[in-house]
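The values are calculated or read from the model by the stated rules, or taken from the named source; none is laboratory data. Source: prediction; values computed, not measured. Note that each Cβ is placed from the backbone with ideal geometry, even for glycine, and that neighbours are counted across all protein chains shown. Side chains are part of the model used for accessible areas, which takes the heavy atoms of the whole protein and leaves out ligands, DNA and RNA. Shrake-Rupley method; radii C 1.70, N 1.55, O 1.52, S 1.80 Å.
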Amino acid sequence: MGILIKGKPVADKITEDVKSEVRNLNSSGIQPKLQIIRVGEREDDIAYERGALKRMAKCGILTGVKTLPIDISQDDFIEQIKLSNSDETVHGILIFRPLPKQLDESIIKYIVDPNKDIDCFNPVNVAKVTEGDKTGFAPCTPSAVMEILDYYDVDLTGKNVVVLGRSMVVGKPQALLMLQKNATVTICHSKTKNLSEVASKADVLVAAIGKAKLVLKEFVKEDAVVIDVGINVDDEGKLCGDVRTDECLEIASMVTPVPAGVGSVTTSVLAKHVVRACKSLIK
Ligand code: NAP
């Protein structure tokens with residue numbers, strides 16, 4: 001029987017480290033600040049924003065929130081990003097995605113200053129993550145997964161990692177971060193044949209597909225580590241991940257829960273990235 005590995009101790013550890021870095025910056029008269037840019041009132045954006053505001057306050061990081069109308073024009077939206085780019089009191093910029101249809105993401109992603117782009121929106125950061133250039137900012141969620149594996153002493157060298165999902169926000173950057181830790185990585189997606197068979201070869205299985213409880217115990221190799229990134233609602237209206245946690249725990253050595261797993265570490269990584277951006281901007 002495996003164990004549930006929770007996000008809270010990981011988040012607490014990162015928070016303590018960030019707090020101490022913020023105190024050091026404060027003693028030199030520097031105050032790190034995150035600027036959140038949100039278009040409209042999507043429930044999941046607001047829920048994440050609430051968590052981020054709480055975490056930043058805990059860390060001593062200032063946060064500004066720009067709430068923009070859902071029908072904002074592309075020019076006005078770009079203007080708002082440029083204002084945050086040039087604002088010297090702002091060190092990190094978080095733009096909630098997906099954006100409404102009238103805003104062309106393929107243009108907008110180039111506008112946010114890569115040095116303040118703490119959640120990997122700008123292709124400059126995507127390229128840096130691909131190259132393994134440590135000055136880039138990887139997206140916060142796959143970075144949170146790496147923090148969890150590190151905290152629970154899961155060495156990835158030579159391990160078979162299978163990532164379920166190939167989005168730009170989770171799956172692809174996750175695979176690259178695993179590769180940088182010398183894992184042998186397989187990426188699966190909706191067209192993958194024999195998904196459970198491929199998954200069952202993994203020493204570390206990351207589920208990021210957004211399908212409630214799709215990962216059954218047949219997907220899991222004996223003693224594997226299972227990381228559940230999914231956030232879904234089940235038939236009873238309850239929050240759940242992509243993994244059937246209880247049955248997979250019978251086979252795996254460790255499984256992250258949902259809620260209280262990866263999601264609870266993401267805002268701490270966001271805080272860590274703001275402080276890193278701040279330190280490199282003031283150099
Ligand atoms: P996404 O953009 O919808 O991507 C889903 C990926 O899963 C796609 O690559 C898709 O394949 C693949 N997929 C879908 N159904 C599949 C199936 N039946 N078998 C195999 N692959 C399948 O989602 P996302 O933004 O990456 O998010 C994934 C999940 O993570 C969601 O539940 C989301 O809510 C959650 N999430 C959590 C956090 C956190 O902080 N914990 C942060 C972000 C996202 P194709 O490419 O072929 O379509």
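Please give the number of the condition Ala127 fails out of (1) more than 10 Å from the ligand (Cβ to nearest atom); (2) touching a residue at least 12 places away in the same chain (Cβ under 8 Å).
(2)
Contact list please: Cβ distance under 9 Å, first residue in region 260-283 and touching a residue at least 12 places away in the same chain (Cβ under 8 Å) and more than 11 Å from the ligand (Cβ to nearest atom), second residue assigned to a loop (DSSP other than H, G, I, E, B) and among the aromatic types (Phe, Trp, Tyr), pairs at least six apart or on different chains.
What qualifies is His273/Phe137; Arg276/Phe137; Ala277/Phe137.
Can you report the number of residues in region 253-268 which are aliphatic (A, V, I, L, M) and surrounded by fewer than 24 Cβ atoms within 10 Å (Cβ to Cβ)?
Restricting attention to region 253-268, the residues satisfying the condition of being aliphatic (A, V, I, L, M) are 254-255, 258, 260, 262, 265.
Now narrow it down to the ones that are surrounded by fewer than 24 Cβ atoms within 10 Å (Cβ to Cβ): 254, 260.
Counting residues in region 253-268 that are aliphatic (A, V, I, L, M) and surrounded by fewer than 24 Cβ atoms within 10 Å (Cβ to Cβ) gives 2.
Give Gly158, Gly171, Gly132, Gly210 a once-over and let me know the one that is more than 14 Å from the ligand (Cβ to nearest atom) and closer than 28 Å to Ala271 by Cβ. It would help to see each step written out before you state the result.
Numbers: Gly158 fails: closer than 28 Å to Ala271 by Cβ; Gly171 fails: more than 14 Å from the ligand (Cβ to nearest atom); Gly210 fails: more than 14 Å from the ligand (Cβ to nearest atom).
Matching residue, one of Gly158, Gly171, Gly132, Gly210: Gly132.
Which members of region 106-125 meet the condition of being under 30 Å from Met254 (Cα atoms) and open to solvent by 20 Å² or more (accessible area, probe 1.4 Å)?
First, the residues of region 106-125 that are under 30 Å from Met254 (Cα atoms): 118-120.
Selection gives Asp119 alone.
Out of the residues in region 187-202 that are more than 11 Å from the ligand (Cβ to nearest atom) and crowded, with 16+ Cβ neighbours inside 10 Å, which is nearest to Pro142 (Cα to Cα)?
Residue satisfying both the conditions and the ranking: Ala202.
Suppose we filter Leu179, Leu205, Leu239 for residues that are of a type outside the set (Gly, Ala, Ser), more than 11 Å from the ligand (Cβ to nearest atom), under 21 Å from the mean Cα position of the chain (by Cα) and surrounded by fewer than 23 Cβ atoms within 10 Å (Cβ to Cβ); which single one remains?
Leu179
Between a residue in region 164-188 that is without any contact (Cβ under 8 Å) to a residue 24 or more places away in the chain and any residue that is within 6 Å of the ligand (Cβ to nearest atom), which pairs come within a Cβ distance under 6 Å, given they are 6 or more apart or on different chains?
What qualifies is Arg166/His189; Lys172/Arg166.
Could you tell me whether region 217-235 includes any residue that is open to solvent by less than 50 Å² (accessible area, probe 1.4 Å), assigned to a helix (DSSP H, G or I) and within 10 Å of the ligand (Cβ to nearest atom)?
Step one: filter region 217-235 for residues open to solvent by less than 50 Å² (accessible area, probe 1.4 Å), giving 219-220, 224-230, 232, 234.
When the remaining residues are screened for being assigned to a helix (DSSP H, G or I), the result is 219.
Subset that is within 10 Å of the ligand (Cβ to nearest atom): none.
The answer is no, given that none of the residues of region 217-235 is open to solvent by less than 50 Å² (accessible area, probe 1.4 Å), assigned to a helix (DSSP H, G or I) and within 10 Å of the ligand (Cβ to nearest atom).
Hey, among the residues in region 135-155 that are open to solvent by 20 Å² or more (accessible area, probe 1.4 Å) and free of Cβ contacts under 8 Å to residues at least 40 places away in the same chain, which one's nearest to Val275 (Cα to Cα)?
Here the answer is Met146.
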